[in-house]
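Trainee: A single structure is presented below for examination.
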Amino acid sequence: MGIQRILIANRGEIALRIHRAAQEMGIETVAVHSTADADAMHVRMADHAVCIGPPPAGESYLNIANIISAAEVSHADAIHPGYGFLSENAKFAEIVEAHDIAWIGPKPEHIRTMGDKVEAKRTAGKLGLPLVPGSDGAVSDYDEAKRIAAEIGYPVIIKAASGGGGRGMKVCNSEDQIETLMKQAGSEAKAAFGDATVYIEKYLGNPRHIEFQVFGDGRGNAVHLGERDCSLQRRHQKVLEEAPSPVITPEERDRMGGIVSKAMSDMGYRGAGTIEFLWENGEFYFIEMNTRLQVEHPVTEMITGIDLVREQIRIAEGRDLSVTQDEITFTGHAIECRINAEDPWTFAPSPGTVTYYHAAGGMHVRVDSGLYAGYRIPPYYDSMIAKLIVYGRNRERCLMRLRRALGEMVVEGVKTNIPLHEELIEQPDVQSGDYSIKWLEEWLATRG
Ligand code: ADP
């Protein structure tokens, strides 16, 4: 039997995104919220709402017991975790399934494997994905670390096995820094993720970040939906994403897409996933896999016409993928700007009351956001308040439309990074698509 009522274990724009897909499928939704989010748009739009705790995420959006209770009292028969919060928590997925509630996500064992980057790399290697050269697993011994680093050549990057959000990474340029940086990375990882395990890999000089969207039915069928280019980053956090990548040819997409979808099919992967690579001099190097919907998923939706949340829900119902690989086509170009409530140049967060809000509109313009005039942006959560996604028949037209749409967006009362996006898309390197993961920070530094 199909899903009747989905509890959305998230907040903000992604909670709305999930609600919209559910509503179009005739499925009811239950919003959960902290006391700080009582008047948030996702709570207003959902069919039912349950308060799950005080503002700190640890006591609300990460509070497994309260979320499960909310599902029980509201008679939800499925949970969608969105991204962040509990979306990649294998234990939560298991608890949900143990309560006979459908988990709209991958199999718990796959979440667990891919959540440990050392295990993920090992699994990816076995599945035939190209890896960044580095240690064969976790490293704790300093002499062993020095031997491995000498073998792959400096600079190397020390990474936390349980890292995420760009944290727990240290670039190391020479042997005499190894011990200090391993200790630092380990203790930062311990503090942030409760696990001090680190591993080492080659630090690539000037790569692009290119990731493939995949989908599996959990029974050995899998497809890919092409790539996204997320190279424009600050502090390893994505700022603007596009699909397709300006540097990937249709032949390369088919070849690499074939490799990743075969890997997912061999794994018996279920649901949506993203396989992230660094790309340099025409070569792909696997860095990690995210076992959830990504913030930047709309750019893929724009160029394929496929509703990824609807697909996730279908798969959780045990249905087949709605499309075969042959039926998936890539048309035009899409770009997403992450709009944050922050100072555009110092990046200091800017929570507060939105006094006026006007969303961009018009042909091929999509705004995913829970903003409204009078909304108080709480200081407790992520600063992303909206995503502006624009489509064009080709990259050039997409950029022209994006310029027009950014000009229409008005958010008053708080600072936003809209001015940064407006300046960013005027840069010749961005217009020509000639940028790497280092580009944005270098540009910000020279801009003064
Ligand atoms: P997280 O899970 O914290 O996001 P990732 O492994 O996905 O960590 O890496 C995030 C970003 O860090 C990448 O997009 C890239 O910018 C940078 N990075 C990671 N590994 C390397 C590497 N080996 N060489 C150069 N840059 C890297």
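Trainee: Give SER69, SER74 a once-over and let me know the one that is hydroxyl-bearing (Ser, Thr, Tyr) and either surrounded by 17 or more Cβ atoms within 10 Å (Cβ to Cβ) or closer than 27 Å to GLU296 by Cβ (or both).
Mentor: Working: SER69 fails: either surrounded by 17 or more Cβ atoms within 10 Å (Cβ to Cβ) or closer than 27 Å to GLU296 by Cβ (or both).
When all the criteria are applied, what remains is SER74.
Trainee: Within segment 323-334, does at least one residue satisfy the condition of being farther than 22 Å from MET256 by Cα and at pLDDT 95 or above?
Mentor: no
Trainee: Considering each residue of segment 92-118, count those that are open to solvent by 50 Å² or more (accessible area, probe 1.4 Å) and free of Cβ contacts under 8 Å to residues at least 24 places away in the same chain, and give that number.
Mentor: 6
Trainee: For segment 324-352, how many residues are over 21 Å from the mean Cα position of the chain (by Cα) and either open to solvent by less than 30 Å² (accessible area, probe 1.4 Å) or hydroxyl-bearing (Ser, Thr, Tyr) (or both)?
Mentor: 10
Trainee: Just for segment 269-315: of the residues that are among the small types (Gly, Ala, Ser) and within 20 Å of the chain's Cα centre (by Cα), which one is surrounded by the most Cβ atoms within 10 Å (Cβ to Cβ)?
Mentor: Step by step, filter segment 269-315, then rank; the result is GLY273.
Trainee: Could you run through segment 181-199 and say how many residues are open to solvent by 30 Å² or more (accessible area, probe 1.4 Å) and in contact with a helix residue (DSSP H, G or I) (Cβ under 8 Å, 6 or more places away or on another chain)? If you could, list the steps in order and put the result at the bottom.
Mentor: First, the residues of segment 181-199 that are open to solvent by 30 Å² or more (accessible area, probe 1.4 Å): 183-184, 187-188, 190-197.
In the following step, the residues that additionally are in contact with a helix residue (DSSP H, G or I) (Cβ under 8 Å, 6 or more places away or on another chain) were identified as 195-197.
Summing the residues that are open to solvent by 30 Å² or more (accessible area, probe 1.4 Å) and in contact with a helix residue (DSSP H, G or I) (Cβ under 8 Å, 6 or more places away or on another chain) in segment 181-199 gives 3.
Trainee: Right, something else. If we keep just the residues of segment 237-294 that are more than 25 Å from THR113 (Cα to Cα) and β-branched (Val, Ile, Thr), which is farthest from the ligand (Cβ to nearest atom)?
Mentor: In this case the residue turns out to be THR249.
Trainee: Within segment 152-188, restricting attention to residues that are within 15 Å of the ligand (Cβ to nearest atom) and part of a helix (DSSP H, G or I), which residue is farthest from ASN206 (Cα to Cα)? I'd like the intermediate steps shown before the answer.
Mentor: Step one: list which residues in segment 152-188 are within 15 Å of the ligand (Cβ to nearest atom), which gives 152-173, 181, 185, 188.
Subsequent filtering for residues that are part of a helix (DSSP H, G or I) retains 152, 181, 185, 188.
Working: ILE152: 17, LEU181: 22, ALA185: 22, GLU188: 25 Å.
This residue is GLU188.
Trainee: So how many residues does segment 267-298 have that are polar (S, T, N, Q), in contact with a strand residue (DSSP E or B) (Cβ under 9 Å, 6 or more places away or on another chain) and over 22 Å from VAL367 (Cα atoms)?
Mentor: Total meeting the criteria: 3.
Trainee: With respect to the numbered conditions (1) buried (at least 21 other Cβ atoms within 10 Å of the Cβ); (2) farther than 20 Å from ILE385 by Cα, which one is the sole condition not fulfilled by SER60?
Mentor: Answer for SER60: the failing condition is (2).
Trainee: Going residue by residue through segment 214-221, is there one that turns out to be more than 10 Å from the ligand (Cβ to nearest atom), open to solvent by 10 Å² or more (accessible area, probe 1.4 Å) and among the basic types (Lys, Arg)?
Mentor: Within segment 214-221, one or more residues are more than 10 Å from the ligand (Cβ to nearest atom), open to solvent by 10 Å² or more (accessible area, probe 1.4 Å) and among the basic types (Lys, Arg).
Trainee: If ALA161 passes every condition in (1) open to solvent by less than 50 Å² (accessible area, probe 1.4 Å); (2) in contact (Cβ under 8 Å) with a residue 60 or more places away in the chain but one, which one does it miss?
Mentor: Evaluating ALA161 over (1) open to solvent by less than 50 Å² (accessible area, probe 1.4 Å); (2) in contact (Cβ under 8 Å) with a residue 60 or more places away in the chain leaves (2) as the failure.
Trainee: Listed residues GLY134, GLY194; which is within 10 Å of the ligand (Cβ to nearest atom) and either touching a residue at least 40 places away in the same chain (Cβ under 8 Å) or not aliphatic (A, V, I, L, M) (or both)?
Mentor: Step by step, each of GLY134, GLY194 is checked, and only GLY134 is within 10 Å of the ligand (Cβ to nearest atom) and either touching a residue at least 40 places away in the same chain (Cβ under 8 Å) or not aliphatic (A, V, I, L, M) (or both).
Trainee: Sticking with this structure for a sec: Determine whether LYS202 is farther than 26 Å from GLY105 by Cα, open to solvent by 40 Å² or more (accessible area, probe 1.4 Å), more than 16 Å from the chain's Cα centre (by Cα) and near the ligand (Cβ under 10 Å from one of its atoms).
Mentor: Spelling it out, LYS202 is indeed farther than 26 Å from GLY105 by Cα, open to solvent by 40 Å² or more (accessible area, probe 1.4 Å), more than 16 Å from the chain's Cα centre (by Cα) and near the ligand (Cβ under 10 Å from one of its atoms).
Trainee: A follow-up question, please. Kindly indicate which of ASN206, ASN173 is farther than 18 Å from VAL118 by Cβ and in contact with a Pro (Cβ under 7 Å, 6 or more places away or on another chain).
Mentor: The unique qualifying residue is ASN173.
Residue-wise test of (1) in contact with a Cys (Cβ under 7 Å, 6 or more places away or on another chain); (2) among the charged types (D, E, K, R); (3) closer than 15 Å to LYS202 by Cα; (4) at pLDDT below 95.
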{"residue": "LYS107", "(1), (2), (3), (4)": "no, yes, no, no"}
{"residue": "ARG112", "(1), (2), (3), (4)": "no, yes, no, no"}
{"residue": "GLU119", "(1), (2), (3), (4)": "no, yes, no, no"}
{"residue": "ARG122", "(1), (2), (3), (4)": "no, yes, no, no"}
{"residue": "LEU129", "(1), (2), (3), (4)": "no, no, no, no"}
{"residue": "LYS146", "(1), (2), (3), (4)": "no, yes, yes, no"}
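The values are calculated or read from the model by the stated rules, or taken from the named source; none is laboratory data. Quick caveat, the model's predicted, so the values are computed rather than measured. No Cβ is skipped: glycine too gets one built from the backbone with ideal geometry, and neighbour counts run over all protein chains shown. We work out accessible area using only protein heavy atoms, side chains counted, and drop any ligands, DNA or RNA first. Shrake-Rupley method; radii C 1.70, N 1.55, O 1.52, S 1.80 Å.
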